[in-house]
Amino acid sequence: MSSIQTLCRLQAVDQEWTEKGHRYQQIKARLADQSELEERRAAHERNTAQLLHERAALRDAELELGSLSTKAKAVDKALYEGGTMAPRELEAMRQNSEHLKRRISVLEDQVLAGMARVEELDATVAREGRDLQAFEATFAQEREALMAQYAELRSRLQALRAERETLRGNLAAPELGLYDELRAKKGGQALAPLKDGVCQMCHVTLPWHKAHSVETEGGVVTCEGCGRILYKS
Ligand SMILES: [Zn+2]
């Protein structure tokens, strides 16, 4: 391989390295990022805990309502049958009955509101559970595909690095220095194809003797316009 051919190959290897290295980093970051899955799981856990809490509160309210209703009925019965009671006793019992009825009314409202909340949360938790399952399945599939891409890119990058080292080892220090400098200055494009004596990167026409040198691969020739190393296209 001539120096120019080696430089052309080196540029191709470097470009592939940059492109695949970028993709490799992206995949690595995506594989490391489980935030959406964690957020969904946490939200589902929060709502499940809230549902259990609401259900327990509803059960308590229902139990209290049941026991107070029984108590209120007994008080009312005693009031109707309480002909022999002293007026003060009757008054206390009547007040007790009113107090119980107020409390029962509050509890009835609580139970109704609690039932609505439990029903709503139940539906939310069930929907979230289904969504989470679907998301986990998709996530696992995507992850598997990404892992495969990751492994493939990793081995390709290793091969590119090895080839890059070999290619660089075959080039003389001044050629390599010029290549590195141009790659850094010219957006990764250190080389330019020459066609019919015209640089295809900047469209400057080369003097005949320089063009001839490129055509015959007579060594490293740079473009007079853009300064890139020329190769025959
Ligand atoms: Zn040029």
* Give the residue that is nearest to Thr6 (Cα to Cα), with candidates limited to residues of the stretch 187-231 that are in a strand (DSSP E or B) and more than 46 Å from the chain's Cα centre (by Cα). => Thr222
* From the options Val106, Val111, Val125, residue that is assigned by TED's automatic domain parsing to the domain that holds Arg59 and in contact (Cβ under 8 Å) with a residue 60 or more places away in the chain -> Val125
* Asked: In the stretch 55-103, how many residues are over 30 Å from Val125 (Cα atoms) and part of a helix (DSSP H, G or I)?
  -> 31
* To do: Name every residue in the stretch 186-226 that is out of contact with any Ser or Thr (no Cβ under 8 Å at 6 or more places or on another chain), under 23 Å from Arg164 (Cα atoms) and touching a residue at least 12 places away in the same chain (Cβ under 8 Å), in order of residue number.
  => Lys186, Gln189, Ala190, Leu191, Ala192, Thr222
* Residue count for the stretch 180-232, restricted to those that are of a type outside the set (A, V, I, L, M, F, W, C) and within 12 Å of the ligand (Cβ to nearest atom) -> 15
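The values are calculated or read from the model by the stated rules, or taken from the named source; none is laboratory data. In this text, all values refer to a predicted model and were calculated from it rather than measured experimentally. Every residue, glycine as well, gets a Cβ built from its backbone with ideal geometry; the counts of neighbours run over all protein chains shown.
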